[in-house]
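Peer 1: Before I ask anything, let me first share the structure, which is written out below as structure tokens.
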Amino acid sequence: MKQLYFAVMATAICLTSFAQSRVATADYQKTKQPGIETDVPFSEKTITSSLEDYFQKLGYKGKDTKGYMTYRGVHLPQLGPGSYDLYFKADRKSRKEKDACTVTMLISGGFDKFIGDTTNAALIDSAKNYLNGLTVRVAAYDLEQQIVDQEDAVKKAAKSLSSLTETADDLQKKKSKLENDIAENIKKQASQKTEMEKQQQILQTLKEKRRQ
């Protein structure tokens, strides 16, 4: 299991090195806003679930806001001492690329006042570094989900095996009873055959008395 984990991490790190985050302009409520984006080799559902899990563990609950998952009043050490509203959106890169998305991140100081590199370059650089680690975090989350799913599969398989074992025990008991019944039947057949022969002999003796 550890080897699988490190293999996934190594792949994620390798992919991250080729998909560095970048400054971008994003659409938000029919306006253009400064943001950051990066490419992540996972599906929209996996990325969104990973973010929800990540922020929930930090004590923040997300809310869907105009197509963005929003986390308000977030304090992340990676972004410095301040608290910000963070907006995330994952868009599939193309129909063919089912497990490849562009993730957009917007940062607001509150009241949808978004921060760009021209207003706070240091914050945006920190946010880019934070977003660069997204693939690794999503990969780790995806691995944990695979482990959970596989544990469920093992439990189901074990339950089915237990059920089959119980059925086999019941069948074995029925088989033993049937074998005993067969053995008892054979004994009764032998006894009945002796009785039949005895009765035939009596009948024969009676018929012979007719001739006398």
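Peer 1: Which of the residues spanning the stretch 18-52 are open to solvent by 20 Å² or more (accessible area, probe 1.4 Å) and of a type in the set (S, T, Y)?
Peer 2: T25, T31, S43, T46, T48, S49
Peer 1: Take the residues in the stretch 18-42 that are free of Cβ contacts under 8 Å to residues at least 12 places away in the same chain and not in a strand (DSSP E or B), then tell me which one is farthest from V103 (Cα to Cα). Don't jump to the end; show me each part of the working.
Peer 2: As a first pass, look at the stretch 18-42 and keep what is free of Cβ contacts under 8 Å to residues at least 12 places away in the same chain: 18, 25, 27, 30-32.
From what's left, not in a strand (DSSP E or B): 18, 30.
Details: F18: 15, K30: 18 Å.
Taking the candidates together, the pick is K30.
Peer 1: So how many residues does the stretch 54-82 have that are exposed (fewer than 14 other Cβ atoms within 10 Å of the Cβ) and farther than 19 Å from F114 by Cβ?
Peer 2: Within the stretch 54-82, the subset exposed (fewer than 14 other Cβ atoms within 10 Å of the Cβ) is 56-59, 61, 63-64, 66-67, 73, 75, 77-78, 81-82.
Add one more test, that the residue is farther than 19 Å from F114 by Cβ, and what stays is 56-59, 61, 77, 81.
So the answer is 7.
Peer 1: Could you say whether any residue in the stretch 67-79 is closer than 17 Å to S49 by Cβ and part of a loop (DSSP other than H, G, I, E, B)? Write out each step before concluding.
Peer 2: First pass over the stretch 67-79, keeping only residues closer than 17 Å to S49 by Cβ: 67-71.
From what is left, the residues that are part of a loop (DSSP other than H, G, I, E, B) are 67.
For the stretch 67-79, residues closer than 17 Å to S49 by Cβ and part of a loop (DSSP other than H, G, I, E, B): present.
Peer 1: In this structure, does D169 turn out to be touching a residue at least 60 places away in the same chain (Cβ under 8 Å) and open to solvent by 70 Å² or more (accessible area, probe 1.4 Å)?
Peer 2: Values: touching a residue at least 60 places away in the same chain (Cβ under 8 Å): no; open to solvent by 70 Å² or more (accessible area, probe 1.4 Å): yes.
Judged against the criteria, D169 is not a match.
Peer 1: Here is a follow-up. Let me confirm something: among A122, A139, A127, which residue is on the phi < 0 side of the Ramachandran plot, more than 29 Å from the chain's Cα centre (by Cα) and open to solvent by less than 10 Å² (accessible area, probe 1.4 Å)? Please lay out each step first, then the result.
Peer 2: Working: A122 fails: open to solvent by less than 10 Å² (accessible area, probe 1.4 Å); A139 fails: more than 29 Å from the chain's Cα centre (by Cα).
The conditions single out A127.
Peer 1: Closer than 20 Å to F42 by Cα and either touching a Cys at 6+ places or on another chain (Cβ under 6 Å) or charged (D, E, K, R) (or both) - does that describe any residue in the stretch 113-130?
Peer 2: yes
Peer 1: Tell me which residues, restricted to the stretch 90-108, are open to solvent by 60 Å² or more (accessible area, probe 1.4 Å), part of a loop (DSSP other than H, G, I, E, B) and touching a residue at least 12 places away in the same chain (Cβ under 8 Å).
Peer 2: To start, the set of residues in the stretch 90-108 that are open to solvent by 60 Å² or more (accessible area, probe 1.4 Å) comprises 91-93, 95-99.
This time we only want the ones that are part of a loop (DSSP other than H, G, I, E, B), so: 93, 95-99.
The answer is K93, K98, D99.
The values are calculated or read from the model by the stated rules, or taken from the named source; none is laboratory data. Note that the structure is predicted; figures quoted are calculated from it, not measured. FYI the Cβ positions are ideal-geometry reconstructions off the backbone, even for glycines, and counts take in every protein chain you see. Each accessible area value is taken on the protein alone, full model and side chains, heavy atoms only, with ligands, DNA and RNA left out. Shrake-Rupley method; radii C 1.70, N 1.55, O 1.52, S 1.80 Å.
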